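Below is one structure, written out as structure tokens; comments come after it.
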């Protein structure tokens, strides 16, 4: 195996489910993760969401408390469950050090087909923490506002065609400070107690986040490129 193929395999991981499908590498020839220089200093948009329990929740930059935003979709069979499981484990370890911050974890779907019921099913199925907020963007302008927020954050995803459906998307979480300004994007491989404490309590260091992009035959990263494992690198191919 030549050097290019090794770099390519290290940069892109494909989760194949529901019959094992192959995807074109060209479809993934973009940045593996949101690029810090594109979302640095961006702020939360004020968006009204509907939580899984039916109540209204406003994603607000003026909450005064740090916010962790994890974009997922509920029918995701592999990657999203892994993201939530891994984050939950490290969040639990970090809690003693961040509890005074009042930080909230907000899990929001970027799939317009998701509903309160699908979120409730996901919470039960994956045994997720009940003190996290799980929400869908209300139809219409609120969903468009959420899509605009993801664009602000350089969170790129796209729907896959074919019978299996699903989305290709980055795996990670955004940390915002109490004023709604993004501090850092934590790639899945960065879900450690230390990274979460640093991002939540500050000062936070966006340039320390492991973000990657593919330029020609080289993989270019910001921060330490050695940390991500195959489970936490690149966009993932999902199937319903």
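Points to keep in mind about this one:
- Qualifying residues in the range 96-112 (those that are in contact (Cβ under 8 Å) with a residue 24 or more places away in the chain and more than 16 Å from residue 69 (Cβ to Cβ)) - the one farthest from the chain's Cα centre (by Cα): 97
- Residue that is farthest from residue 63 (Cα to Cα) [pool: residues in the range 157-177 that are part of a loop (DSSP other than H, G, I, E, B), in contact (Cβ under 8 Å) with a residue 12 or more places away in the chain and out of contact with any helix residue (DSSP H, G or I) (no Cβ under 8 Å at 6 or more places or on another chain)]: 162
- Selection over the range 72-103 of residues that are farther than 20 Å from residue 170 by Cβ and assigned to a helix (DSSP H, G or I) gives a count of 10.
- Residue match in the range 58-69 (condition: surrounded by fewer than 20 Cβ atoms within 10 Å (Cβ to Cβ) and within 18 Å of the chain's Cα centre (by Cα)): no
- Only residues that are crowded, with 16+ Cβ neighbours inside 10 Å and touching a residue at least 60 places away in the same chain (Cβ under 8 Å) were counted in the range 122-151, giving 11.
Every read-out reported here was derived from the displayed coordinates using simple, explicitly stated rules and does not represent laboratory data. The structure displayed is predicted, hence computed values, not measured ones. Counting neighbours? That spans all protein chains shown, and the Cβs are built from the backbone with ideal geometry, glycine included.
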